[in-house]
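So the structure is just underneath, and the comments pick up after that.
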Amino acid sequence: MLDADQHRVGYIQKRLAGGDTSNGVAGASWDGQTTDVGTYLPASNVGVGAVSHVRPISSLNKMIGTTAAPDGTSAVRQTVIIDSGSDVPWVQCQPCPLLVCHPQRDPLFDPATSTTYSAVPCSSAACARLGPYRRGCSANVQCQFGFTYTDGATATGTYSSDDLTLGPYDVVRGFLFGCAHADRGSTFSFDVSGTLALGGGAQSFVQQTATQYGRVFSYCIPPSPSSLGFITLGVPPQRAALVPTFVSTPLLSSSSMPPTFYRVLLRAIIVAGRPLPVPPTVFSASSVIASTIVISRLPPTAYQALRAAFRSAMTMYRTAPPVSILDTCYDFTGVRSITLPSIALVFDGGATVNLDAAGILLQGCLAFAPTATDRMPGFIGNVQQRTLEVVYDVPGKAIRFRSAAC
């Protein structure tokens, strides 16, 4: 899990630095394990082929969905990764032989059974917008898409259009997505059929549904597999009363960086009520906030200060060997109750976000790691986002946080 996470971080940093991504490398990576909540990634059941705005997520890999469109036509439920750091949605489609596709729990979507399905023509503007993810044309002049994931896994197939059913009343007509007929590699899990891409690029779900949901979405990652989280699309009127409970920080933008990734600016970190002795300029390279990055990355100067403060507050517990890139680990065998020092992240604009206890440790280790240098962008991982409602307000140019939301 952490090795795949490190690959993804490296890919995003390369893209933000202007590195070559002309081969269509995609950043999403997950290992599909379900034994530790840190390996879960938000997922949702959606109907293809034919959300209520707020949809519950159970254990981060399932969500109550719908099996029929409003007009009564059947829809095929698909469990997909909710990825705020990618742009092209896709699911596996028939034909997809097991020799070239990963086995999945949901039935494969069969384009031949959908009266609203169509393949995107090679000559279309939609095909041109695929950019580095375009893989030429098929023999019958259908647009082809493809990804090579950061761990070497691949997904290829036909770029397509169909109606996307998100709930009893929410249908996205002519939704563009990749219909994968081949994918290989350890990236793919039996629990998921593909990805619902929520990045900022032109092909993403967020941009395709701008009229319906206003380019606003939020989610809450639960603290454990036995808890419920949720995803919200748009700003339902009944949630207006919650607005005062959020803290907000500016969503950064730059014409020199890819629009896929959402970036914010950390200013300080507070441990056990005391700010770390780190100047705000240390965080000036910004931080990417994403649903599919597992642990947070900090500039080395900030990480070293956090680690020292955390270790100082944890001297009553036995230390344990490092776990992959996590170097501050503890052996809690026989310990009935664990007391952790509080950690708060302070963002630009004064937004102070207190981490839940479930957002501090992963596999008995401090769930943070350093970037290579202070000049590289950091990351706010999904472990740190546990129990927080995180709102991505693209037109409002803000990221908002609400504590104890799930």
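For PRO236, the stated conditions do not hold, so it cannot be described as touching a helix residue (DSSP H, G or I) at 6+ places or on another chain (Cβ under 7 Å) and at pLDDT below 90. On inspection, LEU306 fails the criterion of being in contact with a Pro (Cβ under 6 Å, 6 or more places away or on another chain) and farther than 20 Å from LEU16 by Cβ.
Could you tell me whether LEU176 is within 16 Å of the chain's Cα centre (by Cα) and closer than 30 Å to LYS397 by Cβ?
Considered against the rule, which asks whether it is within 16 Å of the chain's Cα centre (by Cα) and closer than 30 Å to LYS397 by Cβ, LEU176 comes out as no.
Could you tell me whether ALA369 is at pLDDT 95 or above, in contact with a helix residue (DSSP H, G or I) (Cβ under 9 Å, 6 or more places away or on another chain) and either assigned to a strand (DSSP E or B) or of a type outside the set (Lys, Arg) (or both)? Yes; evaluated as a whole, the condition is true for this residue. It is to be established whether one or more residues within region 115-130 are surrounded by 14 or more Cβ atoms within 10 Å (Cβ to Cβ), touching a strand residue (DSSP E or B) at 6+ places or on another chain (Cβ under 7 Å), basic (Lys, Arg) and not assigned by TED's automatic domain parsing to the domain that holds GLY381. Checking region 115-130: not a single residue is surrounded by 14 or more Cβ atoms within 10 Å (Cβ to Cβ), touching a strand residue (DSSP E or B) at 6+ places or on another chain (Cβ under 7 Å), basic (Lys, Arg) and not assigned by TED's automatic domain parsing to the domain that holds GLY381.
For region 316-331, the criterion of being polar (S, T, N, Q), over 19 Å from ILE231 (Cα atoms), under 21 Å from the mean Cα position of the chain (by Cα) and part of a loop (DSSP other than H, G, I, E, B) is met by no residue.
Counting the residues of region 379-406 that are under 25 Å from HIS7 (Cα atoms), part of a strand (DSSP E or B) and in contact with a helix residue (DSSP H, G or I) (Cβ under 7 Å, 6 or more places away or on another chain) gives 2.
The values are calculated or read from the model by the stated rules, or taken from the named source; none is laboratory data. Quick caveat: nothing in here was measured; it's all calculated off a predicted structure. All Cβ positions, even for glycine, are placed from backbone atoms using ideal geometry, and neighbour counts span all protein chains on display.
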